[in-house]
């Protein structure tokens with residue numbers, strides 16, 4: 001029997017709300033300089049869930065960004081308050097996966113990254129857990 005899972009979240013003003021109905025596939029912290037700049041923090045926190053288990057209410061504003069690889073991605077943001085909720089889904093091993101910004105959940109106490117990407121750009125004052133899985137860049141990119 002599968003344990004019930006449901007987490008809710010949304011933007012700062014409440015115009016966008018979402019529900020996730022499956023535990024995350026994984027959670028990671030991205031320490032790249034883009035995430036540092038976008039979050040105004042030391043890293044971005046990402047919760048990866050199957051696209052079929054992510055339910056959004058409200059109409060997001062789509063903001064294009066160019067990744068370091070040159071690929072274009074769309075951020076889903078609130079048109080009223082600007083909160084970045086998630087990105088377009090990505091295909092991983094044939095399945096659509098949604099990357100949700102970890103800080104947008106109503107209860108963030110359970111959000112703990114198991115993986116750390118782009119640690120070559122990590123802030124020197126940040127100490128990672130001893131058991132963390134770390135990657136110098138993005139897994140699958142050269143230099144990792």
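The values are calculated or read from the model by the stated rules, or taken from the named source; none is laboratory data. The structure presented is a predicted model; accordingly, all values stated were derived computationally and were not measured. Glycine gets a Cβ as well: all are built from the backbone with ideal geometry, and neighbour counts include every protein chain shown.
A few points about this structure:
- Within the stretch 67-80, considering residues that are surrounded by 13 or more Cβ atoms within 10 Å (Cβ to Cβ) and in a loop (DSSP other than H, G, I, E, B), the one farthest from the chain's Cα centre (by Cα): 80
- Search result, residues across the stretch 113-125 that are surrounded by 12 or more Cβ atoms within 10 Å (Cβ to Cβ) and more than 10 Å from residue 31 (Cα to Cα): 113, 114, 115
- Filter result for the condition that a residue is exposed (fewer than 13 other Cβ atoms within 10 Å of the Cβ), touching a strand residue (DSSP E or B) at 6+ places or on another chain (Cβ under 7 Å) and closer than 22 Å to residue 107 by Cα, over 55, 18: 55
- Checked against the criterion of being in contact with a helix residue (DSSP H, G or I) (Cβ under 8 Å, 6 or more places away or on another chain) and without any contact (Cβ under 8 Å) to a residue 60 or more places away in the chain, the candidates 108, 40, 133, 83 yield just one match: 108.
- Restricting the stretch 85-95 to residues that are in a strand (DSSP E or B) and at pLDDT below 95 leaves a set whose member that is surrounded by the fewest Cβ atoms within 10 Å (Cβ to Cβ) is 91.
- Residue under evaluation residue 26, criteria (1) surrounded by fewer than 19 Cβ atoms within 10 Å (Cβ to Cβ); (2) under 25 Å from residue 79 (Cβ atoms); (3) in contact with a strand residue (DSSP E or B) (Cβ under 6 Å, 6 or more places away or on another chain), criterion not met: (2)
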